[in-house]
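Shown next, in C-alpha cells, is the structure this report addresses.
Readers should treat all values here as calculations from the given coordinates under stated rules, not as data from a laboratory. In this text the structure is predicted, and so the values were computed from the model without any measurement. Here the Cβ positions follow ideal geometry from the backbone for every residue, glycine too, while neighbour counts run over all protein chains shown.
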2 protein chains.
Amino acid sequence: MTVLDRFLKGDRRSLAKVITHIENRRDLYREVLARLYTRTGKSYKIGFTGPPGGGKSSVVDLIADHFLKHDKKIGIIAVDPSSPFSGGALLGDRIRMAKLSNQENVFIRSMATRGSGGGLASASKDVCVVLDAFGFDLVLVETVGVGQVELDIMDAVDTVVVVLVPESGDTIQAMKAGLMEIADIFCLNKSDREGADRMAAELNMMLDVKRHGSDWEYPVIQTSALKGFGIDELQEQIHAHHKYLKDTSRFEKRRRRQVRVEVYQHLQDRLLEEVNTRLGGELTLDEIVDEIAAGESDPFTKATEIFDKYFR
Amino acid sequence: MTVLDRFLKGDRRSLAKVITHIENRRDLYREVLARLYTRTGKSYKIGFTGPPGGGKSSVVDLIADHFLKHDKKIGIIAVDPSSPFSGGALLGDRIRMAKLSNQENVFIRSMATRGSGGGLASASKDVCVVLDAFGFDLVLVETVGVGQVELDIMDAVDTVVVVLVPESGDTIQAMKAGLMEIADIFCLNKSDREGADRMAAELNMMLDVKRHGSDWEYPVIQTSALKGFGIDELQEQIHAHHKYLKDTSRFEKRRRRQVRVEVYQHLQDRLLEEVNTRLGGELTLDEIVDEIAAGESDPFTKATEIFDKYFR
C-alpha cells in the first residue's frame, strides 16, 4: 500500500508525509495534488490574520476547542513568513496539540520559510487542499504579520477573521496592510485591557462605509483569550457568516474566485520553473551577463530575446 | 524635444516624468529602460534597511547631507511596502528635501504600493536604473520593514547598511528576516539610549562567525541621528566598504550577480504578462473554472494543459 493509499484511508502519519512531500515540491507533487483535488470542497476554511502580538494562536486554539466539542475534525495551518524555522516546527505543534482538548480530531502544521515569498503562500494553499482532501470538517489558517503573503493566503479561505488588540496603532497597521478590506469579522482580542471599548467604537465607526449597502454587517467581537470571554460569540459569528455565504450566491462566487486564482498561480509556478530549467541548461546566463557587462546589451533587451525565442 | 531628450540633458522635471512612466509601466517602458540602461554603472548604490522605527530616514538624510557637502549628486529612493500611498508621496518628499542642505543636487522619490508585492521590488530597481542613468553619483535606497520585498531590493545595491536600535527584540526580528545575512555594515542608531553598549557587544559577538574567514569585518557603528554622533564614522565605513569591494574582485561579482537577477526578473515579468494576456483573450478562464467546479478537472491539470498548449 502506498503512502497515498494510506492517506486516503485516514492514516495521520501518511497525512504528515504527504504534506512534507508537497511542501518540498518533491517529484510528482503536482500529480498528487491533482488527485487529491477531486476529493476537496467539503472543508470550511477560516482564516485568522492580523498584526503580530494579537494572540491569534490563543484565539484559534479556543475556537478549535469549541468545534472539537461538537465532534468536528479540525486541521490547523500556522503560517509565519518571518520565521526562519522551516517545515515542521514539530515541537511547537505538539505543545499546541497537547493543549487542545481532543487530540484525535485535530492536526496542526506550522509553515515558515524565510525568503520563500510568494512560494509560501502557494505552499499554504496546497496544504489546505491536502487537509480538505483528508476529510477535516474545518481548516483553520492563521498567519503572523501583515504582508502580501498574508493577503494571498487569506484569499483562499471562506471566512476571514482579523484579530486586533486595543492599541490603536494596530488598526492603522491593519488598514495600511489592506486587512480591513479582506475582513469578514473583526476580533478585538485582549479586550480585558483598557481602551478596548473605545477601540471597538472607533472600529465600528470606520466600518460604517463598508457596511453601507452590504447584507453582511462585519461584526466587531470583543474577546479575551486569556479570560476566556467572547469566544462563543466569535464562533457564532463565524457560523453566521458561513450561513450568509450559503444563503446568498456568495459562497459559490468565492470558491470560483479561489479556483481562478489557483489555476493562475499554478500556471505561474509552471512557467517560472521552465525559465529556471532553460536558464540553467541550453541558455548560459553567464554569456548573457558578459554581453551586458560589455555594454553590448541590457537586461530588458536580453529578457525580450529569450522570451521571443523560447516562449512566444 | 522629447521628455527623454530633456532627461538626458539633465532636466529634473523630466526625471520625475520618466520615473512615473516607468513606475506605472506605461507604453514602451521596457524600451525606455533598455535605452537608459546603457548609461548606467556609474552610481554607487547604498541600501538602508531594518525594522520600522529605527530612524532610517534620519540616518539617510544625515548621510546624504554629508555627501552633498562633498559636491556629490544624490538620488534617494524611499520604499515602504506597507504604505497605501502610491507613487509620488510628494509632500513628504518635499519636506525631506527642504531639510537637506543642498536641494539642487538631491532628488527624493517615495515608492509605496500596497499589495504590489514583488512588483514593488522590481519597480524600485527600475527607478535605481533611471537615477543611475540620470547621473547621480550616489543612489541611497531606504526600505521600511523586514519582508521579502526589502531583501529583494537590497539585492540590487552595492553596500547594505542594516539599521537597528538598542532594543534587543529588534535584533531577533532582523535575524528572522534574514537581514543579518545581507548586511555589510550595522548601524546601531539611537545609541544615546540605555542598553546601546550592551546591544553593540551582543551584535559584535554574534558577528564573530560571519567575520571569521572574511576580509571584511562587518563593522557595528553606534550612531544617534538625534544627537548627531556616529554619522561620520558610518560614512567612513561606507567608503571603506566601497574600497574593499573595488580592491577585491567582489565589486564586479556583485554587479554581475545583479545583472543576472535583473535578466531573470524581467523574463519573469514578461512571462506573467503573457499569461495575463492569454488568459484574458483566447482562453476564457470562466470555462476552465466551470470544468473544475463540475469536478471534471482540477487547477493543477488545467495549468499543465495551458502550459503545454501555449508555452511549451
Only Cα pairs under 8 Å and at least 6 apart count here; give the relative contact order of chain B as a rounded whole percent.
-> 17 percent
Exposure proxy ranking, count of Cβ atoms within 10 Å, fewest first, for B:Thr304, B:Thr38, A:Thr49 = B:Thr38, B:Thr304, A:Thr49
Test item: Cα-centred dipole of the protein assembly as shown, Lys/Arg +1 and Asp/Glu -1 on Cβ, debye = 160 debye
Could you pull the copy-to-copy label distances for A:Glu273, with points set 7 Å along Cα to Cβ, in nm to one decimal and sorted shortest first?
-> 2.6
Rounded to the nearest 10 degrees, what's the angle between the helix B:299-310 long axis and the longest principal axis of chain B, both from Cα atoms, 0 to 90?
-> 80 degrees
Net charge near B:Val18: determine it from the other residues with C-beta under 14 Å of the C-beta of B:Val18, scoring Lys and Arg +1 and Asp and Glu -1.
-> +4
Could you list which residues have their amide H under 5 Å from that of A:Val141, counting only those 5 or more apart in sequence or on another chain, with H placed in the peptide plane?
-> A:Ile46, A:Gly47, A:Phe48, A:Ile77
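Taking every DSSP beta bridge with both residues inside the range A:40-247, roughly what % is antiparallel (nearest 5)?
Counting DSSP beta bridges with both partners in the range A:40-247, the antiparallel share is about 5 percent.
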Comparing A:Glu287, A:Glu104, A:Glu23 in a Gaussian network model of chain A (Cα, 10 Å), the one with the largest mean-square fluctuation is A:Glu287
By how many degrees, 0 to 90 and rounded to 10, does the Cα axis of helix A:196-206 deviate from the longest principal axis of chain A?
-> 60 degrees
Return B:Glu150, B:Glu217, B:Glu296 ranked ascending by Cβ neighbour count within 10 Å, so the fewest neighbours appear first.
-> B:Glu296, B:Glu217, B:Glu150
How do the peptides B:58-67, A:265-274, A:190-199 rank, highest first, by the average count of neighbouring beta carbon atoms within 10 Å per residue?
-> B:58-67, A:265-274, A:190-199
List every residue whose amide H lies under 5 Å from the amide H of A:Val106, counting only residues 5 or more places away in sequence or on a different chain, with H placed 1.01 Å from N in the peptide plane.
-> A:Ile74
Relative contact order, percent, of the range A:135-264 when contacts are C-alpha pairs under 8 Å separated by at least 6 residues?
-> 22 percent
In sequence order, calculated HN-Hα J values of the range B:18-31 (Karplus, 6.51, -1.76, 1.60; Hz; x Gly/Pro) = 4, 4, 4, 4, 6, 4, 8, 6, 6, 3, 6, 5, 5, 5
Longest principal axis of chain B (C-alpha) makes with the long axis of helix B:90-99 (C-alpha) an angle, in degrees to the nearest 10, of 20 degrees
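Taking every DSSP beta bridge that has both residues in the protein assembly as shown, what percent is antiparallel when rounded to the nearest 5?
Working: 4 of 60 bridges.
Within the protein assembly as shown, antiparallel bridges account for around 5 percent of the total.
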Within the under-11-Å Cβ sphere about A:Gly50, not counting A:Gly50, Lys/Arg +1 and Asp/Glu -1 give a net charge of -2
Above-threshold pairs, the threshold being 29 Å between Cα atoms, out of A:Lys302/B:Lys45; A:Lys210/B:Lys125; A:Lys125/B:Lys56; B:Lys42/B:Lys227; A:Lys69/A:Lys227 | A:Lys210/B:Lys125; A:Lys125/B:Lys56; B:Lys42/B:Lys227
Taking the range A:1-69, which trypsin sites (Lys or Arg not before Pro) meet the DSSP loop condition and have no more than 12 other C-beta atoms within 10 Å?
-> A:Lys9, A:Arg26, A:Lys42
Surrounding charge for B:Val3, neighbours by C-beta under 15 angstrom, Lys/Arg +1, Asp/Glu -1, total +2
Mind listing the phi-derived Karplus ³J(HN,Hα) values for the range A:73-79, rounded to whole Hz, using 6.51, -1.76 and 1.60 with θ = phi - 60°, and x for any glycine or proline?
-> 9, 10, x, 10, 10, 10, 10
From the backbone phi of the range A:35-50, what are the Karplus-calculated ³J(HN,Hα) couplings (6.51 cos²θ - 1.76 cosθ + 1.60, θ = phi - 60°) in whole Hz, Gly and Pro given as x?
-> 5, 5, 4, 5, 9, 9, x, 9, 6, 9, 10, 10, x, 10, 9, x
Toy charge model, Lys and Arg Cβ at +1, Asp and Glu Cβ at -1: the range B:264-310 dipole around Cα centroid in debye, rounded to 20, equals 240 debye
Among B:Leu164, B:Leu28, B:Leu151, determine the one that fluctuates most according to a GNM of chain B built with springs between C-alpha atoms less than 10 Å apart.
-> B:Leu28
Positive-end residue, chain A charge dipole about Cα centroid, Cβ charges, pick of A:Thr301, A:Val220, A:Gln235 = A:Gln235
Pick from A:Val139, A:Val160, A:Val275: which residue has the top mean-square fluctuation in a GNM of chain A where Cα pairs under 10 Å get a spring?
-> A:Val275
Can you list, shortest first and in nm, the gaps between the label point of B:Asp197 and those of its counterparts in the other copies, using a point 7 Å from Cα in the C-beta direction?
-> 4.9
